């Protein structure tokens, strides 16, 4: 077994990975929620009253915003969080030596 030590990680590469992971997770969560909001909005549109029409149209718009806006927001926050996390790791790895991992050659 060989031991390796991670002394420094690329800030931009970690930030990109975090952004993509957060984007995928937020899509899994936000699409069903957005669809539920839109379905209830469409049900309000079918009631025929002016208040139901206004609330239904607003709910459909909110459902679309949830499905589009939340994944973008999560990706941006994931990028920023990943960059900050990698920067903090690099600072502390310089002080205490980094994370050690054991690797094995498998043929």
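Tell me, yes or no, whether region 46-53 has at least one residue that is loosely packed, with under 14 Cβ neighbours inside 10 Å, in a helix (DSSP H, G or I) and at pLDDT below 90. Before you say what the answer is, go through the steps one by one.
Here is the first cut: in region 46-53, the residues loosely packed, with under 14 Cβ neighbours inside 10 Å are 46-51.
Next, from what is left, pick out any that are in a helix (DSSP H, G or I): 50-51.
This time we only want the ones that are at pLDDT below 90, so: 50-51.
Looking for residues that are loosely packed, with under 14 Cβ neighbours inside 10 Å, in a helix (DSSP H, G or I) and at pLDDT below 90, one finds at least one in region 46-53, hence yes.
Quick one: which residue in 74, 107 is out of contact with any strand residue (DSSP E or B) (no Cβ under 9 Å at 6 or more places or on another chain) and surrounded by 13 or more Cβ atoms within 10 Å (Cβ to Cβ)?
The conditions single out 74.
Could you count how many residues in region 10-39 are at pLDDT below 95, over 15 Å from residue 73 (Cβ atoms) and buried (at least 16 other Cβ atoms within 10 Å of the Cβ)?
The qualifying residues number 2.
The values are calculated or read from the model by the stated rules, or taken from the named source; none is laboratory data. Every value quoted in this text rests on a predicted model; they were computed, and no experiment measured them. Cβ coordinates were reconstructed from backbone atoms using ideal geometry, including for glycine residues, and neighbour counts include every protein chain displayed.
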